[in-house]
Every structure is written in C-alpha cells, then in structure tokens.
Amino acid sequence: MVLDIFDKRRSVRKYKNEAVEREKIIACLEAARLAPSACNSQPWRFIVIDEPSIREKACEAALKGIVGINMFLRDAPVVVAVLSRRKIYLDILGKYFRKTDYCLTDIGIAGEHFCLQAAYLGLGTCWVGWFNGGALKKELGLGRLVKIEYLITIGYPADIRCEKNRKQMNEIASWNRDGFRR
Ligand SMILES: Cc1cc2nc3c(=O)[nH]c(=O)nc-3n(C[C@H](O)[C@H](O)[C@H](O)COP(=O)(O)O)c2cc1C
C-alpha cells in the first residue's frame, strides 16, 4: 500500500557507513521526474553529490556560518542539492495574481516523490532547509539561473525511530465547511 510507504518515511539523521547504489538513487530521481508541476514547468534540477571529496567540500560550504544544527549533513553518504530553475511568466502569474510560489510547490512535490521512493527502497532521507545556499552554490560552480532551494540527505538508516508526531485528523481536515477546532 502506498500509505504504508508514507508512514514508513521519516527524517533520518544518522546513517550507516555504507555506500548507496546509484541505481537506487536513479530510481528516486525517476520518481521525482514524474512529479506534477504548474504548467508542467518541471523547474527542479538535482545535483547528486556522492563522491566523498566533493561531498566533504560541499558540506563544509553548506554549513559555513551555520551553528548548532544540521551537522549530520557531514555524515550522510549522499547529499542531493535540489535546485530551482524558474520560469519568469509563472513567477509573475504566481506572485502578482495568486500571491503564491508555484515553483517552490513544484520543488516540494518532486522532492517528496524522491524521499518516498527512497523509503520504498529501504533508504532514509532528510530534507535540509537551513544551510548556506550562497557558499554551496559557489562551491558547486552554479550559474545565476538556478537557486539551491533544499538539500536532501540520503543513506541507509542507522537509527530506527518509530514515533510520528502529527496533528490529529480533526485538526487538519474538515468536511464541507470550516469545522476546525480553534
Ligand atoms: C522543507 C523542509 C525543510 C526541513 N529542514 C530541515 C533541516 O534543516 N534540518 C532538519 O534536521 N530537518 C529538516 N526538516 C525535517 C523536518 O524536521 C521533519 O520532516 C519533521 O520534523 C517531521 O518529521 P518526519 O520527517 O520524521 O516525519 C525539514 C523538512 C522540510 C519538509
């Protein structure tokens, strides 16, 4: 059941010292490639960093000036930089007419497809939204047309946490009217 995979997926921040097979990462990328997007714009780009020396430098850059959190990045066998390559007309439509950011929505859906496929394959992932994007962009030599929106770490889980801390159903969903408890 797909729901079982959704339940199985959780943020993993401790990884076994074990390489991740590229075929498995390619399957995750394929899952992301199939994601829907506004006007089918497919604004996502993924840079998979699995070469240890490149990964080490990339993580050093990503953690520059970051204090206290996300140090687990250093120990992840693979780090994926999730980039956006925006379409100007969609940004204008979204920002001025709907006050929304379609591109970030698209990136989120594709990224989660990636993570869910990883969970299906027995891999652990963690979204990382707090990092030094400027320093990492420089380290990876990326041009001005792209932005690193998120990182996703991936590897075989070393910690098996079971709890899933979520709001109750009646706090997040309502039928036919605004029935949320205040
Ligand atoms: C957009 C986004 C950014 C996140 N950034 C971080 C982060 O910088 N560091 C981190 O440890 N976890 C990060 N997380 C993971 C969340 O903390 C985690 O998904 C949440 O606590 C729920 O736990 P679960 O994923 O295990 O179900 C992020 C998740 C999302 C969706």
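Descriptive notes on the structure:
- Hey, LEU104 surrounded by fewer than 19 Cβ atoms within 10 Å (Cβ to Cβ), hydrophobic (A, V, I, L, M, F, W, C), part of a helix (DSSP H, G or I) and within 13 Å of the ligand (Cβ to nearest atom) or not: yes
- Residues within segment 142-162 that are buried (at least 17 other Cβ atoms within 10 Å of the Cβ), within 13 Å of the ligand (Cβ to nearest atom) and more than 15 Å from the chain's Cα centre (by Cα), tallied: 1
- Some residue of segment 51-72 being surrounded by fewer than 17 Cβ atoms within 10 Å (Cβ to Cβ) and in contact with an Asp or Glu (Cβ under 7 Å, 6 or more places away or on another chain): yes
- Evaluation of ALA19 against (1) under 16 Å from the mean Cα position of the chain (by Cα); (2) closer than 25 Å to ILE160 by Cβ; (3) among the small types (Gly, Ala, Ser) (one fails), failing number: (1)
- Residue selected from segment 14-36 under the condition within 16 Å of the ligand (Cβ to nearest atom) and more than 17 Å from ILE49 (Cβ to Cβ), by the criterion surrounded by the most Cβ atoms within 10 Å (Cβ to Cβ): ALA35
- Residues that are out of contact with any strand residue (DSSP E or B) (no Cβ under 8 Å at 6 or more places or on another chain), modelled with pLDDT of 95 or more and under 22 Å from ARG45 (Cβ atoms) do not occur anywhere in segment 66-82.
Residues are listed down the side, and each one gets a yes or a no for (1) out of contact with any helix residue (DSSP H, G or I) (no Cβ under 8 Å at 6 or more places or on another chain); (2) within 22 Å of TYR156 (Cα to Cα):
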residue: PHE6; (1), (2): no, yes
residue: ALA19; (1), (2): yes, yes
residue: ARG22; (1), (2): yes, yes
residue: CYS28; (1), (2): no, yes
residue: ALA38; (1), (2): no, no
residue: VAL48; (1), (2): no, yes
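- Just one of the listed residues (ARG74, ARG161, ARG86) is of a type in the set (Lys, Arg) and part of a helix (DSSP H, G or I), namely ARG74.
- Considering LEU123, LEU63, the condition of being within 16 Å of the ligand (Cβ to nearest atom), at pLDDT 95 or above and within 25 Å of GLY141 (Cβ to Cβ) is satisfied by LEU63 alone.
- Test: residue in segment 131-141 that is within 15 Å of the chain's Cα centre (by Cα), at negative phi, in a loop (DSSP other than H, G, I, E, B) and within 12 Å of the ligand (Cβ to nearest atom): yes
- Close pairs (6 angstrom Cβ cut-off, 6 or more residues apart or separate chains): more than 15 Å from LYS57 (Cα to Cα) in segment 130-146, of a type outside the set (D, E, K, R) and crowded, with 18+ Cβ neighbours inside 10 Å anywhere: TRP130/ASN70; VAL146/LEU83
The values are calculated or read from the model by the stated rules, or taken from the named source; none is laboratory data. Everything quoted here is computed from the prediction, not taken from an experiment. All Cβ positions, glycine included, derive from the backbone under ideal geometry; neighbour counts span all protein chains shown.
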